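Encoded as structure tokens, the structure appears first; notes follow it.
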Amino acid sequence: MTVPQQVLDIMNSGEVYAFDDPEILQAQADQMELLYEFNASRPSELERRRAIAEKLLGGYEEGAWIEPPLHANWGCNTYFGKGSYANFNLTLVDDGEVHIGEKVMIGPNVTITTTGHPIRPDLRERATQYSLPVTIGRNVWIGANVTILPGVTIGENSVIGACSLVTKDIPANVVAYGQPCKVVREIGEHDNVFYWHDRRINPPFDVLPE
């Protein structure tokens, strides 16, 4: 990651800023070159792909995996925890920081956006925006086609159903879905026995950890 610290400080300030600074634009152009290289890597070039990801992203820990293509405003503001997985077409509007915890699973076509624009028309005409961090806790499962908006935190072990629009924080250990996304129930005894509706978990996976 070679983005100047002063650029990162502006984007992560939580304040409104103008996205027309030449230094910001050049830093982003450099990141886009790395993103292109990542997406153009061949399936057999796993070591090269990982090396590019480690340069592109803010953090890419052991066992993390991203299926190309990846779309990102920056990359350098996104941190993938150990053993985390993102399916194809992940879109990161990561002008602000995105923290993805260990063992997180992200389905295809998910959008994580940290950035919005003021509703006031004259500010939008001046290319202003703001960015608020998104945090996804350990072992969360994000279903396909989910959109996560700026400032959201999702607690560990929770499941976000497909096509949800996550506008507010979601606590740990719950199943949540909808537009907007809402908590439907806690993860509990039923989930220890059934994996999908009335389908029982089969051996050897039916044994709970001690």
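The values are calculated or read from the model by the stated rules, or taken from the named source; none is laboratory data. All of these numbers come straight from a predicted model, not from anything done at the bench. Ideal geometry is used to build each Cβ from the backbone, glycine not excepted, and the neighbour counts take in all protein chains shown. The protein model used for the area step is the full one, side chains on, heavy atoms only, and it has no ligands, DNA or RNA in it. Shrake-Rupley method; radii C 1.70, N 1.55, O 1.52, S 1.80 Å.
Identify all aspartates and glutamates with a Cα-Cα distance to Lys168 below 16 Å; exclude those on the same chain that are fewer than 8 residues away in sequence.
In chain and number order, the partners are Glu156.
With a 1.4 Å probe and all protein chains left in place, how much of the accessible area of the chain comes from carbon and sulfur atoms, in whole percent?
54 percent
Sequence-distant or interchain residues sharing an amide H contact under 5 Å with Thr78, placed H: which?
Answer set, sorted by chain and number: Gly58, Gly59, Val98.
Leaving out ligands and nucleic acids, note down the accessible area per residue over segment 98-167 with a 1.4 angstrom probe, in whole Å².
Value returned for segment 98-167: 43 Å² of accessible area per residue.
Taking amide H positions as placed in the peptide plane 1.01 Å from N, state which residues far from Gly14 in sequence (5 or more) or on other chains have amide H under 5 Å from it.
Under 5 Å from the amide H of Gly14: Ser131.
Can you work out the Karplus-derived ³J(HN,Hα) for every residue in segment 194-210? Use 6.51 cos²θ - 1.76 cosθ + 1.60 with θ = phi - 60°, whole Hz, and x for glycine or proline.
Along segment 194-210, the couplings run 10, 9, 7, 6, 9, 8, 6, 5, 8, x, x, 7, 7, 8, 6, x, 7 Hz.
What shape does segment 61-108 have by the C-alpha gyration tensor, where a ≥ b ≥ c are the square roots of the eigenvalues, rounded means a/c under 1.5, and otherwise prolate means a/b greater than b/c and oblate the rest?
oblate
Return the calculated 222 nm mean residue ellipticity for the chain, to the nearest 500 deg cm²/dmol, obtained by summing -39500 (n - 2.57) across DSSP H runs with n ≥ 4 and dividing by the residue count.
-6500 deg cm²/dmol
Ranked highest first by average number of other Cβ atoms within 10 Å, how do 108-120, 183-195 line up?
Answer by packing, highest mean first, reads 108-120, 183-195.
Around Cys181, what is the net charge, scoring Lys/Arg as +1 and Asp/Glu as -1 over all other residues with Cβ under 12 Å from its Cβ?
+1
Using the alpha-carbon atoms, what tilt in degrees (0 to 90, nearest 10) does helix 46-56 show relative to the longest principal axis of the chain?
Computed tilt is about 50 degrees.
What's the ranking of 44-51, 96-103, 127-134 by average number of surrounding C-beta atoms within 10 Å, highest first?
Ranked by mean Cβ neighbours within 10 Å, highest first: 96-103, 127-134, 44-51.
If I compute mean projected area of the Cα convex hull in nm² from the structure I just sent, which labelled value in (1) 13.3; (2) 12.1; (3) 32.8 lines up?
(1)
Residue by residue through segment 3-9, which ³J(HN,Hα) values in whole Hz follow from phi under the Karplus form 6.51 cos²θ - 1.76 cosθ + 1.60 (θ = phi - 60°), with glycine and proline marked x?
5, x, 4, 5, 5, 4, 4
Find how many whole Å separate the alpha carbon centroid of segment 6-37 from the alpha carbon centroid of segment 136-163.
26 Å
Ranked from highest to lowest mean number of other Cβ atoms within 10 Å per residue, what is the order of the peptides 85-91, 52-58?
Listed from highest to lowest mean packing, they are 52-58, 85-91.
All other residues with a Cβ under 15 Å from the Cβ of Pro171 taken together, and with Lys, Arg as +1 and Asp, Glu as -1, what is their net charge?
Charge balance near Pro171 sits at +1.
Residues with beta-carbon under 15 Å from that of Tyr79, excluding Tyr79: net charge, scoring Lys, Arg +1 and Asp, Glu -1?
-3
Using each residue's phi in segment 117-127, evaluate 6.51 cos²θ - 1.76 cosθ + 1.60 at θ = phi - 60° and report the 3J(HN,Hα) Karplus result to the nearest Hz, with x for Gly and Pro.
Calculated HN-Hα couplings, in order: 10, x, 6, 4, x, 5, 6, 5, 5, 8, 6 Hz.
Zone of Asp169 (label point 7 Å along Cα→Cβ, backbone N under 14 Å): which residues in segment 105-145?
133-137
Around Ile106, which amide H atoms from residues at least 5 apart in sequence, or from another chain, sit under 5 Å from its own amide H, with H modelled in the peptide plane?
Those lying under 5 Å, H to H, from Ile106 are Tyr85, Ala86, Asn87, Ile142.
Apply the a/c threshold of 1.5 to the C-alpha gyration tensor of segment 83-157 and tell me whether it is rounded, prolate or oblate.
Note, shape of segment 83-157 comes out prolate.
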